[in-house]
Amino acid sequence: MGCGRVGSTLARSLEDRNHTVSVIDSEPDAFRRLGPGFNGDKVTGYGFDQQVLEKAGIRRADAFAAVSSGDNSNIIAARVARETFGIQQVVARIYDPGRAEVYQRLGITTVATVKWTADQVLRRLLPAGAEPDFRDMSGTIRVDQVPAPEPWIGHRTIEFQMQSKSRIAWIDRLGEGVLPSRDSVIQEGDVLHLALREENAPLTYKVIANGPEEHGS
């Protein structure tokens, strides 16, 4: 539900991955954002209206996303999809972070737009390590994005992991994701995505700054 910039991008992305998609919007003109190549259904109406959802094929759906510009509409539609039609994979876009937390506890996955955007900006303003890209709900595990530390360029990833008490989940290298092996070496321009325990973060960033500890030193 919702064929704004987010909804139209999401619909095209799903179709590009060979999924069948129906898009609901109350404004017929909004469907122009989908472009001429979109093959899914376009249904005019409100996504919290059961008849509209039926017309869009809700009973055949595996998932439902409510990404209109209205918090109330998104939540009502998400609840109808989940509670009336039994859709388990339901996501609602919410602008108010406080309300998002409430609905998260009700079992509706929410994307709090304002908080998400603020967090993304914050991570790019603060020094590396000040704010993780991801933290699990228990606060135990975090994922950090770190440009290849100059002292570590040319050294093996396994050496870095052992000394920093972190794991390199993947590396962004020349526009591609790379999974490190035992023989991988950190290269200039790499971006490391590190998984680590919150309690180990000070040590990890100390090792990043100081560089490798040479054997025998």
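The values are calculated or read from the model by the stated rules, or taken from the named source; none is laboratory data. Predicted model only: the values in this text are computed from it and were never measured. Cβ coordinates were reconstructed from backbone atoms using ideal geometry, including for glycine residues, and neighbour counts include every protein chain displayed.
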| query | Restricting region 129-150 to residues that are surrounded by 15 or more Cβ atoms within 10 Å (Cβ to Cβ) and under 18 Å from residue 186 (Cβ atoms), which is modelled with the lowest pLDDT? | reply | 129
| request: Report the residue count in region 17-32 for those that are over 24 Å from the mean Cα position of the chain (by Cα) and of a type in the set (A, V, I, L, M, F, W, C). | output: 2
| message | If I filter region 47-68 for residues that are surrounded by 13 or more Cβ atoms within 10 Å (Cβ to Cβ), in contact with a Lys or Arg (Cβ under 7 Å, 6 or more places away or on another chain) and among the aromatic types (Phe, Trp, Tyr), do I get at least one hit? | response | no
| said: Within region 73-92, does at least one residue satisfy the condition of being of a type in the set (Ser, Thr, Tyr) and at pLDDT 90 or above? | reply: yes
| request: Please give the number of the condition residue 163 fails out of (1) part of a helix (DSSP H, G or I); (2) touching a helix residue (DSSP H, G or I) at 6+ places or on another chain (Cβ under 7 Å); (3) modelled with pLDDT under 95. | output: (3)
| message | Quick check on region 58-66. Is at least one of its residues within 22 Å of residue 105 (Cα to Cα) and assigned to a loop (DSSP other than H, G, I, E, B)? | response | yes
| Among (1) without any contact (Cβ under 8 Å) to a residue 12 or more places away in the chain; (2) over 28 Å from residue 105 (Cβ atoms); (3) of a type in the set (S, T, N, Q), the one test that residue 145 misses | (1)
| How many of the residues in region 167-211 are out of contact with any strand residue (DSSP E or B) (no Cβ under 9 Å at 6 or more places or on another chain) and assigned to a loop (DSSP other than H, G, I, E, B)? | 5
| said: of a type in the set (Phe, Trp, Tyr) and touching a Cys at 6+ places or on another chain (Cβ under 9 Å): which single residue out of 85, 48, 38, 31 fits that description? | reply: 31
| remark: Every listed condition ((1) part of a helix (DSSP H, G or I); (2) closer than 30 Å to residue 64 by Cβ; (3) modelled with pLDDT of 95 or more) holds for residue 119 save (3)
| task | Looking only at region 1-38, count how many residues are in contact (Cβ under 8 Å) with a residue 60 or more places away in the chain, assigned to a helix (DSSP H, G or I) and more than 18 Å from residue 81 (Cα to Cα). | result | 1
| task | Quickly run through region 158-217 and pick out the residues that are surrounded by 13 or more Cβ atoms within 10 Å (Cβ to Cβ) and acidic (Asp, Glu). | result | 159, 172, 190, 198
| query | For region 39-57, which residues satisfy the criterion of being not hydroxyl-bearing (Ser, Thr, Tyr) and not in a loop (DSSP other than H, G, I, E, B)? | reply | 41, 42, 43, 50, 51, 52, 53, 54, 55
